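Just below is one structure, and these are the notes that go with it.
The values are calculated or read from the model by the stated rules, or taken from the named source; none is laboratory data. Predicted model, so just to flag it, every value in this text is computed and none were measured. Using ideal geometry, Cβ is built from the backbone for each residue, glycine included, and neighbour counts are taken over all protein chains shown. The area values use the complete protein model at the heavy-atom level, side chains included, leaving out ligands, DNA and RNA. Shrake-Rupley method; radii C 1.70, N 1.55, O 1.52, S 1.80 Å.
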Amino acid sequence: MLRYNRSVIWSLLLLALFKPLTSQAISETITDDLNNHLSPGPSSDDIRVASVSTFGAEMMLALGRKPVGMSSYPGQLPTYLKSLEQVPDLGPRSRTNFEYLFHTSPDIIIGLSRMVEPYAARFNQIAPLAAFDLITFEDSLSAVERSAKLLGKEEAGKRINTCFLNTLDQIKQSIPEGTSGVFLTSAGVTPRAYYSHFMTVGIMERLNIENAIGASPYHTKAPFSGQVGLEWLLKLDPDVIFMYRSSQAQFTGSTIWQNLEAVKNNRVFLVDMTWREPEGPLSRLWVAMDIAHKISPAQFPAPSQELIKEALCLNP
């Protein structure tokens, strides 16, 4: 149910979202990844955004604002989200606490489509829901632009994307072509590796690090990864390997693992959970800078809040 403690403009705008749309109206709306049509808001700093996952929260921070609520983050908040420690917790992104969400009084809810789709009707009873897939590199660019437009900040969204792509191009010039790598995702006896369409790997490839296992054999965005036998991994023999610090992989004790060039050359890099879903405007910059720093620490500094802010280039 919509509440009427907002400005007249926003009340009329939100009510309009639930009216039948003409073909002309649809052409002027934003379509999210659940095929919902939402009207762009006015350019205002008063829009209250609740974030189911961290993407919406990152968008607000990139635009100089904070969300009114955000899903629980697994573990300690990364540096670029530290300023949100006091923001109301909405519970796990897969099991949003709707009572908590209601009391944040959002104007818009920005969420991860695979997490919000089963409960879309309940979300929309509280405020209009904008849901984004956020799996691929292209998903990230599109979601940033669409959500910025929805928040009345269309030009800022375009600039955020342009600056991100420019940052990648600058880093790429200092990483030699022909470098191969894999990003391993699983623990256990047999490793799994992310396919090329997965966002983090998409960033790697745009930094001249070719994904050794290549593209997904499937015609869908899921699954994101596939099993890689150790023998196959030895045949691929990537120059660099990235894997989660928390994975506690059993296969690292294998003789085959020890014979990998990346292992022998100390080019296996442990990463944190910021690498898991870096589709937001802050996390994708952080991961890009982290990749560059791990590959060439003498040339690239470790990512920092200051470097992220500078790379957003929102102060023309």
Checklist outcome for this item: GLU117 and GLU154 label points (each 7 Å along its Cα→Cβ direction) are spaced in nm at 2.9 nm
Checklist entry - Quick one: of the DSSP bridges fully inside the chain, what percent are antiparallel, nearest 5? => result 20 percent
Checklist entry - Where does the charge balance sit around TRP257 when Lys and Arg score +1, Asp and Glu -1, over other residues with C-beta under 15 Å from its C-beta? => result +1
Checklist entry - So if we plug the beta-carbon distance of GLN299 and ASN124 into 1/(1 + (r/R0)^6) with R0 = 41 Å, what FRET efficiency do we get, rounded to 0.05? => result 0.25
Checklist entry - In the neighborhood of TRP286, defined by Cβ-to-Cβ distances under 11 Å, what is the net charge if each Lys or Arg adds +1 and each Asp or Glu adds -1? => result -2
Checklist entry - For ASP237 and GLU138, what does the FRET efficiency come to when R0 = 35 Å and r is the distance between their Cβ atoms, rounded to the nearest 0.05? => result 0.75
Next on the checklist: With +1 assigned to the C-beta of every Lys and Arg and -1 to the C-beta of every Asp and Glu, and no other charges, what is the dipole magnitude of the chain about the Cα centre in debye, to the nearest 20?
Outcome noted: 520 debye
Checklist entry - Expressed as a rounded percentage, what relative contact order does the chain have, with Cα pairs under 8 Å and six or more residues apart? => result 16 percent
Next on the checklist: Looking at the chain as a GNM with Cα springs under 10 Å, which of GLY41, GLY157, GLY188 has the largest mean-square fluctuation?
Outcome noted: GLY188
Checklist outcome for this item: On the accessible surface of the chain, probed at 1.4 Å with all protein chains in place, carbon and sulfur together account for a percent value of 51 percent
Checklist entry - Accessible area per residue, 1.4 Å probe, Å², for the chain: what's the number? => result 46 Å²
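Can you work out the FRET efficiency for the pair PHE98 and ASP46, with r the C-beta to C-beta distance and R0 = 22 Å, to the nearest 0.05?
0.40
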Checklist entry - Straight-line reach from LYS153: which aspartates and glutamates have a Cα under 13 Å away, not including same-chain ones fewer than 8 places off? => result ASP45, ASP46, GLU145
Checklist entry - Distance in nm between label sites at TYR218 and VAL189, each 7 Å beyond Cα in the beta-carbon direction? => result 2.4 nm
Checklist entry - How high is the relative contact order of the stretch 159-312, in percent, with contacts defined as C-alpha pairs under 8 Å that are six or more residues apart? => result 25 percent
Checklist outcome for this item: Projected onto the charge dipole of the chain (unit charges on the beta-carbon of Lys, Arg, Asp and Glu, signs +1, +1, -1, -1), the Cα from THR167, LEU90, GLN248 with the largest positive-side position is that of LEU90
Item to check | 14 Å beta-carbon shell around GLU155, net charge (K/R +1, D/E -1) | outcome: +3
Item to check | Separation of alpha-carbon centers, the stretch 197-250 and the stretch 268-293, rounded to whole Å | outcome: 15 Å
Checklist outcome for this item: When the chain is treated as a Gaussian network with springs between alpha carbons less than 10 Å apart, the largest mean-square fluctuation among ILE109, ILE256, ILE291 is found at ILE256
Next on the checklist: For the chain, what does the helix formula give at 222 nm: sum of -39500 (n - 2.57) over DSSP H segments with n ≥ 4, over the residue count, nearest 500 deg cm²/dmol?
Outcome noted: -10000 deg cm²/dmol
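Under the 0.36 nm per residue contour assumption, what length would be gained going from the current alpha-carbon distance of GLU28 and GLN248 to full extension?
Stretched fully, the GLU28-GLN248 segment lengthens by 74.3 nm.
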